[in-house]
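Just below is one structure, and these are the notes that go with it.
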């Protein structure tokens, strides 16, 4: 199928990767990076819906969340999603969308008869017309008006999919990644703040992706790309120190000068310990001597990759290279190297976190401990077992 309405070179799509989708029962194709709206326009589809009351034909007007007409229904049954804005729906393989507020189809809609009767349906007519008899409103008038209200159909069954949620913490939340948002996020990050840059579109850059502007002798898009890469390269690491002891007064003055350091003091166990273990991304146990630190097992049970010094009983409580990394004590360079490795490879960190939970569950449950103890007694002929 040809796409005579698509430009040959411009845009942010990957023309090497085709994506098939359906709209109103007919199959089309677009490219990676398309929105549903851009893919429909490229295929010559301009009629996407009907107006709220008179059911007049409607096409695209906006380019983002401001689009008033192209509200569509996605998928069907339990997975259906009503009132999705086509200009913000990212095209994915197998996407299914249908027009709303029309029957039997968007091109031939019986509701368009309202347009012929528009003189009898002025603005607000229903507030004055459907007042008598009083009991007709809930049983007759309201159901009919709501059905013709132009909104999508909500799912009647529970969504079978599961969605991940994550609680994030930051010093500054920047909404929007246009020139102001990018500049603010970069400035805050350079000053040590934990920054979340939030964008409702698939790409960062905001208006710089479409407007012909110059910033610092650079094209707006090029400046945006460079700024985004700078933000990505920043570690954005926050260090928490939990605990207390006689060396606090010697250590704290040296650490509190850093903006990304926070001393938590002695945490209440177990609630506060779990709260902060849940928040962190990596658990580092930098100890000069430690026989069997329980916190290392707790962190691994919460799927946190660990970095710990190779002292005492620590090597027996984790698997180097699988649940985290062992480092030599008094070696800050190696510590930073392993932390940087985990922060730069989130998939690796996530995999180590999962491995850690399985490692602790399989090796430190009561059945395993008791069986190991009994085997030890048998091996040394201790007691009558």
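The values are calculated or read from the model by the stated rules, or taken from the named source; none is laboratory data. These numbers come from a predicted model, not from an experiment. Neighbour counts run over all protein chains shown; Cβ positions are idealised from the backbone, glycine included.
Looking at the stretch 125-154, which of the residues that are in a loop (DSSP other than H, G, I, E, B) and closer than 23 Å to residue 83 by Cα is modelled with the lowest pLDDT?
Step one: list which residues in the stretch 125-154 are in a loop (DSSP other than H, G, I, E, B), which gives 130-135, 148-154.
Add one more test, that the residue is closer than 23 Å to residue 83 by Cα, and what stays is 148-154.
Values: 148: 65, 149: 64, 150: 61, 151: 76, 152: 84, 153: 84, 154: 86.
Ranking the qualifying residues of the stretch 125-154, first place goes to 150.
Out of everything in the stretch 326-347 that is farther than 21 Å from residue 287 by Cβ and either free of Cβ contacts under 8 Å to residues at least 12 places away in the same chain or touching a strand residue (DSSP E or B) at 6+ places or on another chain (Cβ under 6 Å) (or both), what residue ends up being surrounded by the fewest Cβ atoms within 10 Å (Cβ to Cβ)?
First, the residues of the stretch 326-347 that are farther than 21 Å from residue 287 by Cβ: 343-347.
Adding the requirement that they be either free of Cβ contacts under 8 Å to residues at least 12 places away in the same chain or touching a strand residue (DSSP E or B) at 6+ places or on another chain (Cβ under 6 Å) (or both) leaves 344-347.
Numbers: 344: 12, 345: 12, 346: 10, 347: 7.
Taking the candidates together, the pick is 347.
With the requirement that a residue be out of contact with any strand residue (DSSP E or B) (no Cβ under 7 Å at 6 or more places or on another chain) and under 17 Å from residue 352 (Cβ atoms), what does the stretch 296-319 give you? Walk me through how you get there before you give the answer.
At the first step, the residues of the stretch 296-319 found to be out of contact with any strand residue (DSSP E or B) (no Cβ under 7 Å at 6 or more places or on another chain) are 297-298, 301-303, 311-313, 316-317, 319.
Within the stretch 296-319, 297, 298, 301, 302, 303, 317, 319 qualify.
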Item checked: Residue tally, condition closer than 17 Å to residue 45 by Cα and exposed (fewer than 13 other Cβ atoms within 10 Å of the Cβ), over the stretch 55-89 -> 1
Checklist line | Set 36, 40, 47: member being touching a strand residue (DSSP E or B) at 6+ places or on another chain (Cβ under 9 Å), surrounded by 15 or more Cβ atoms within 10 Å (Cβ to Cβ) and within 27 Å of residue 160 (Cβ to Cβ) | finding: 36
Notebook entry, point to check: Give me the pairs: first residue in the stretch 272-292 and closer than 18 Å to residue 354 by Cα, second residue assigned to a loop (DSSP other than H, G, I, E, B) and at pLDDT 80 or above, beta-carbon distance under 7 Å, and six or more apart or on different chains, which are they?
Noted result: 277/302; 277/304; 278/302; 280/304; 282/304; 282/305; 283/304
Item checked: Filter result for residue 174 (farther than 30 Å from residue 98 by Cβ, surrounded by 16 or more Cβ atoms within 10 Å (Cβ to Cβ), touching a helix residue (DSSP H, G or I) at 6+ places or on another chain (Cβ under 8 Å) and at pLDDT 80 or above) -> yes
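Where in the stretch 276-385 are the strands (runs of 3 or more DSSP E), entirely inside, with at least 1 residues that are under 26 Å from the mean Cα position of the chain (by Cα) and closer than 23 Å to residue 264 by Cα? First the steps, then the outcome.
Working: elements: 283-285, 306-309, 324-327.
Where strands (runs of 3 or more DSSP E) fall fully within the stretch 276-385 and carry at least 1 residues being under 26 Å from the mean Cα position of the chain (by Cα) and closer than 23 Å to residue 264 by Cα, they are 283-285, 306-309.
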Next item on the list: Would you check which residues across the stretch 195-209 are assigned to a loop (DSSP other than H, G, I, E, B) and touching a helix residue (DSSP H, G or I) at 6+ places or on another chain (Cβ under 9 Å) and list them?
Entry: 199, 201, 203, 204, 205
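Yes/no matrix, rows are residues, columns are (1) outside any loop (DSSP other than H, G, I, E, B); (2) under 30 Å from residue 298 (Cβ atoms); (3) at pLDDT 75 or above; (4) under 19 Å from the mean Cα position of the chain (by Cα):
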site	(1), (2), (3), (4)
184	yes, no, yes, no
212	no, no, yes, no
222	yes, no, yes, no
240	yes, yes, no, no
267	no, yes, yes, no
272	yes, yes, yes, no
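Looking at the structure I just gave you, is residue 196 modelled with pLDDT of 75 or more and surrounded by 15 or more Cβ atoms within 10 Å (Cβ to Cβ)? Reasoning before the result, please.
Details: modelled with pLDDT of 75 or more: yes; surrounded by 15 or more Cβ atoms within 10 Å (Cβ to Cβ): no.
Answer is no for this residue.
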